[in-house]
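Taking it in order: structure first as structure tokens, then the write-up.
The values are calculated or read from the model by the stated rules, or taken from the named source; none is laboratory data. Computed from a predicted model, the values in this text were never measured in an experiment. When we count neighbours, we look across all protein chains shown, and the Cβ atoms used for this are built from the backbone with ideal geometry, even at glycine. In case anyone asks, the SASA skips ligands and DNA or RNA and just uses the protein heavy atoms, side chains included. Shrake-Rupley method; radii C 1.70, N 1.55, O 1.52, S 1.80 Å.
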Amino acid sequence: MKRQFPRLIINLSRLRQNMLHVTDLCRQSGIQVCGVIKGCGGLPTIARLFRLCGASELGSSRLEQIISCHEAGIPGPYLLLRIPMLSELEEVVRWCDTSLQSELSVLNALEEVCQRLNSTHRVIVMADLGDLREGFWNHDEMVDVCVHVEKHLPHVHLAGIGVNLGCYGSIQPTADKMHSLLTIAHHVEARIGRKLEVISGGASSSYTLVHWGTMPAGINHLRIGETVLNAHDLPYVWKIPNMGLHPDTMVLQAEVVEIKTKPTYPVGNIIIDAFGNKPTYVDRGFRKRCIVAIGRADVGDVEQLIPRDKGITVLGGSSDHCLLDIQDCKRNLQVGDIVEFLLSYPNMLYATARNDLPLHFTEDNGEDPELA
């Protein structure tokens, strides 16, 4: 069965403009961009566009996405963004040119795999500068591990060091954080007697420093996905003006399946919802609302969807239903009408990962590109 709705419209013209804007601004600052494709489900069409727009490599946390792009004939190099499991090291060496690393035992095991496969593999050793995700907290230990890779692991090439900020611990990338990373890099370089090729200053949140012109010289690599894929968080969550980016690269279309006027406060004993949560509700009396045929199984938290019609508010949802308050919507919606949403990053992550959500690629000139 091939269903028509819900579907995701991906505008390649606007994606292209975002990618060119970001890669060009980074290039002016001496920074290469790793185009991160995990947020768009590793779609080969978008991976290819990243490379055409100046990304020096492609990155994903999922080996399956990297393999899919390889098989689609999209040139690398490829960077594995999630620190690898011991159980997948052979696949990492076969399919990835570089990986992020934070464990000495994994690096030693990686050397054994590379030796067995008669191959070499590049690594970026990660520092933890306060976000408390992957990386060495003890930076002296980190320097020692980098020296160990350089001197004792002949099949593992120490390409550089990196950091992640703004993901788990919500720590803002700052010039001071970048200077701390550069200090670690200088210590490593002094011990190994050469310059590191890569000093990776983080992901999309670190692009703020490039935008503001405050990124310290020496940071030469960023791993960027969300900033160009849907350009939502920096201009709308961080409230950064004049980003020069399109937030409407992806539009989700969903069909209305019910329209009713109902109470705004549930009637009966409130327990928990289908996901084990106990939501709070505000009694606003009877209001007109509708249900569209998407849910958390399609896009994650439906509350993060951004309706394009003014006057529509997302009330919540379940696995397969999204409830909208349409009392103040100027459009006289009917069952069967289509409601459009812009996506937050989590919405995009969920929607593009599904294999039953139709994708439609378009250009601003109205053409339907035939891209693999």
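Looking at the structure I just gave you, is Lys262 open to solvent by 40 Å² or more (accessible area, probe 1.4 Å) and either in a loop (DSSP other than H, G, I, E, B) or touching a Cys at 6+ places or on another chain (Cβ under 6 Å) (or both)? Considered against the rule, which asks whether it is open to solvent by 40 Å² or more (accessible area, probe 1.4 Å) and either in a loop (DSSP other than H, G, I, E, B) or touching a Cys at 6+ places or on another chain (Cβ under 6 Å) (or both), Lys262 comes out as no. Does Tyr236 qualify as being modelled with pLDDT under 95, of a type outside the set (D, E, K, R), open to solvent by 60 Å² or more (accessible area, probe 1.4 Å) and under 15 Å from Met348 (Cβ atoms)? So Tyr236 passes the test.
Which of the following residues is out of contact with any Asp or Glu (no Cβ under 9 Å at 6 or more places or on another chain) and open to solvent by less than 10 Å² (accessible area, probe 1.4 Å): Met126, Met178?
On the way: Met126 fails: out of contact with any Asp or Glu (no Cβ under 9 Å at 6 or more places or on another chain).
Answer to the check: Met178.
Please work out if Leu229 is at pLDDT 95 or above, of a type outside the set (S, T, N, Q), surrounded by 16 or more Cβ atoms within 10 Å (Cβ to Cβ) and closer than 29 Å to Tyr350 by Cα. Answer is yes for this residue. Taking the listed residues Asp309, Asp298, Asp320, Asp328, the one that is modelled with pLDDT of 95 or more, acidic (Asp, Glu) and open to solvent by less than 20 Å² (accessible area, probe 1.4 Å) is Asp298, with no other qualifying.
What residue, among those in segment 143-175 that are open to solvent by 20 Å² or more (accessible area, probe 1.4 Å) and polar (S, T, N, Q), is farthest from Ile31 (Cα to Cα)? So the residue we want is Ser170. If you filter segment 1-30 down to residues that are among the charged types (D, E, K, R) and surrounded by fewer than 15 Cβ atoms within 10 Å (Cβ to Cβ), you find that the one that is nearest to Asp298 (Cα to Cα) is Arg3.
Just to check your reading of the model, which residue among Gly268, Gly244, Gly218 is free of Cβ contacts under 8 Å to residues at least 12 places away in the same chain and not in a strand (DSSP E or B)? Step through it out loud before you land on a result.
Values: Gly244 fails: free of Cβ contacts under 8 Å to residues at least 12 places away in the same chain; Gly218 fails: free of Cβ contacts under 8 Å to residues at least 12 places away in the same chain.
After ruling out the rest, the residue left standing is Gly268.
Go over the candidates Glu71, Glu112, Glu88, Glu103 one by one and state the one that is within 16 Å of Asn164 (Cα to Cα), of a type outside the set (A, V, I, L, M, F, W, C), more than 21 Å from the chain's Cα centre (by Cα) and surrounded by fewer than 21 Cβ atoms within 10 Å (Cβ to Cβ). Outline the logic, then answer.
On the way: Glu71 fails: within 16 Å of Asn164 (Cα to Cα); Glu112 fails: within 16 Å of Asn164 (Cα to Cα); Glu88 fails: within 16 Å of Asn164 (Cα to Cα).
Answer to the check: Glu103.
Scan segment 100-155 residue by residue and report those that are of a type in the set (A, V, I, L, M) and touching a strand residue (DSSP E or B) at 6+ places or on another chain (Cβ under 6 Å). Steps first, please.
As a first pass, look at segment 100-155 and keep what is of a type in the set (A, V, I, L, M): 100, 104, 106-107, 109-110, 113, 117, 123-127, 129, 132, 142-143, 145, 147, 149, 153.
Answer for segment 100-155, where residues must be of a type in the set (A, V, I, L, M) and touching a strand residue (DSSP E or B) at 6+ places or on another chain (Cβ under 6 Å): Leu100, Leu107, Leu110, Val123, Ile124, Val125, Met126, Ala127, Leu129, Met142, Val149.
Can you find, within segment 140-160, the residue that is nearest to Thr208 (Cα to Cα) among those that are part of a strand (DSSP E or B) and touching a Cys at 6+ places or on another chain (Cβ under 7 Å)?
If we filter segment 140-160 for residues that are part of a strand (DSSP E or B), which is where we start, we get 156-160.
From what's left, touching a Cys at 6+ places or on another chain (Cβ under 7 Å): 156, 158.
Details: Val156: 32, Leu158: 27 Å.
This residue is Leu158.
For segment 123-139, state whether one or more residues are in a helix (DSSP H, G or I) and farther than 24 Å from Ala203 by Cα.
We begin by selecting, within segment 123-139, every residue in a helix (DSSP H, G or I); these are 139.
From the residues that got through so far, the ones that are farther than 24 Å from Ala203 by Cα too are none.
The answer is no; no qualifying residue exists.
Checking the structure you have, find out if any residue of segment 50-62 is open to solvent by 10 Å² or more (accessible area, probe 1.4 Å), assigned to a helix (DSSP H, G or I), modelled with pLDDT of 95 or more and of a type in the set (Lys, Arg). Yes, segment 50-62 contains a residue that is open to solvent by 10 Å² or more (accessible area, probe 1.4 Å), assigned to a helix (DSSP H, G or I), modelled with pLDDT of 95 or more and of a type in the set (Lys, Arg). Of all the listed residues (Val251, Val188, Val228), the sole one being closer than 17 Å to Leu343 by Cβ and in a helix (DSSP H, G or I) is Val228.
All conditions but one from (1) among the small types (Gly, Ala, Ser); (2) open to solvent by less than 20 Å² (accessible area, probe 1.4 Å); (3) touching a His at 6+ places or on another chain (Cβ under 9 Å) apply to Ala185; the one that does not is (3). Of all residues in segment 200-214 being touching a strand residue (DSSP E or B) at 6+ places or on another chain (Cβ under 9 Å) and either part of a loop (DSSP other than H, G, I, E, B) or modelled with pLDDT under 95 (or both), which is most open to solvent (accessible area, probe 1.4 Å)? That would be Ala203.
Within segment 260-268, the presence of a residue that is among the basic types (Lys, Arg) and modelled with pLDDT under 90 is excluded.
The residue list Ile224, Ile184 contains one member that is at pLDDT 95 or above and either more than 24 Å from the chain's Cα centre (by Cα) or hydroxyl-bearing (Ser, Thr, Tyr) (or both), which is Ile184. Assigned to a helix (DSSP H, G or I) and under 19 Å from Val93 (Cβ atoms), is that true of Arg116? Yes; evaluated as a whole, the condition is true for this residue.
Being in a loop (DSSP other than H, G, I, E, B), touching an Asp or Glu at 6+ places or on another chain (Cβ under 6 Å) and of a type in the set (A, V, I, L, M) is not true of Ile74.
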